[in-house]
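Below is one structure, written out as structure tokens; the observations come after it.
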Amino acid sequence: MTKRLWFAAVLAALPAAGADAAVTILGDGYARKCYEAAEFNRGGRAAFADCDLALKFDKLSRSERAATHVNRGILFMQGRDYASAIADYDTALGIDGDLAEAYVNKGIAVLHRGGSETLAVDLLSRGIALEPNRVEVALYARGVAHEKLGRVREAYDDYRQAAALKPDWPEPAQELTRFKVVE
């Protein structure tokens, strides 16, 4: 397998939807429905409508509004509309500049879009520093970005940390099998 095709295979293992980094919304309004669609990979017109209605009509706190933008961004990523996803993550960060999941998901979207691996590493690193709910997803994605940049040691370290945090998630452990550690 060529290096380029291998990277495509690694990117395919990344959560394209970013659903592993959805932001929880409590209650029973449209924002909750938007969250559930993002968390459980249930995109479609109804899911986007729920997100849009939440942003328009629900009485959301600043953090809930930011979370709803992240969750709608995840729905855009499920449909591989990375530009719209990134726009939603940017809006979320404009509301709450310390929202870890916005950085993580934006980093994943940038990585899927391609050509900006350094930016993806920076975004994922910022998200990791802010302690996202599922840091193993961010570490794995950052490992992919490091590897695309030729930073093999950093990639190995990120895959190893992701595997240690989530031992039942097969992708990081599978990536580690390709490495040979020499002392």
Legend entry - Every residue from the range 77-90 that is in contact (Cβ under 8 Å) with a residue 24 or more places away in the chain and either under 14 Å from residue 35 (Cα atoms) or in contact with a His (Cβ under 8 Å, 6 or more places away or on another chain) (or both): 77, 78, 80, 82
Legend entry - Number of the condition not met by residue 104 [criteria: (1) at pLDDT 95 or above; (2) more than 25 Å from residue 173 (Cβ to Cβ)]: (2)
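To keep it simple, each residue is scored yes or no on (1) without any contact (Cβ under 8 Å) to a residue 12 or more places away in the chain; (2) surrounded by fewer than 19 Cβ atoms within 10 Å (Cβ to Cβ); (3) within 21 Å of residue 141 (Cα to Cα).
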position: 35; (1), (2), (3): no, no, no
position: 42; (1), (2), (3): yes, yes, no
position: 48; (1), (2), (3): no, yes, no
position: 70; (1), (2), (3): no, no, yes
position: 74; (1), (2), (3): no, no, yes
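Return the only residue of 99, 165 being under 15 Å from residue 23 (Cβ atoms) and either at pLDDT 95 or above or polar (S, T, N, Q) (or both).
Being under 15 Å from residue 23 (Cβ atoms) and either at pLDDT 95 or above or polar (S, T, N, Q) (or both) holds for just one of 99, 165, which is 99.
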Inset, instruction - Inspect the range 53-72 for any residue being modelled with pLDDT of 95 or more, closer than 28 Å to residue 171 by Cβ, assigned to a helix (DSSP H, G or I) and in contact with a Pro (Cβ under 9 Å, 6 or more places away or on another chain) and give the result as yes or no. - result: no
Inset, instruction - Go through the range 109-147 residue by residue and tally those that are open to solvent by 60 Å² or more (accessible area, probe 1.4 Å) and either touching a Lys or Arg at 6+ places or on another chain (Cβ under 6 Å) or over 22 Å from residue 67 (Cβ atoms) (or both). - result: 5
Inset, instruction - Could you figure out which of (1) over 27 Å from residue 44 (Cβ atoms); (2) touching a helix residue (DSSP H, G or I) at 6+ places or on another chain (Cβ under 8 Å); (3) not aromatic (Phe, Trp, Tyr) isn't true of residue 182? - result: (2)
Inset, instruction - Pull up the range 157-182, narrow it to residues that are surrounded by fewer than 19 Cβ atoms within 10 Å (Cβ to Cβ) and among the aromatic types (Phe, Trp, Tyr), then point me to the one that is farthest from residue 108 (Cα to Cα). - result: 179
Inset, instruction - Given the conditions (1) among the small types (Gly, Ala, Ser); (2) in contact with a His (Cβ under 8 Å, 6 or more places away or on another chain); (3) open to solvent by 40 Å² or more (accessible area, probe 1.4 Å), report the number of the one that residue 150 does not fulfil. - result: (2)
Legend entry - In the range 1-52, residue farthest from residue 91 (Cα to Cα) [restricted to those that are of a type in the set (Ser, Thr, Tyr) and at pLDDT 90 or above]: 30
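The values are calculated or read from the model by the stated rules, or taken from the named source; none is laboratory data. In this text, all values refer to a predicted model and were calculated from it rather than measured experimentally. So basically every Cβ, Gly included, is an ideal-geometry build from the backbone, and we count neighbours across all protein chains shown. Side chains are part of the model used for accessible areas, which takes the heavy atoms of the whole protein and leaves out ligands, DNA and RNA. Shrake-Rupley method; radii C 1.70, N 1.55, O 1.52, S 1.80 Å.
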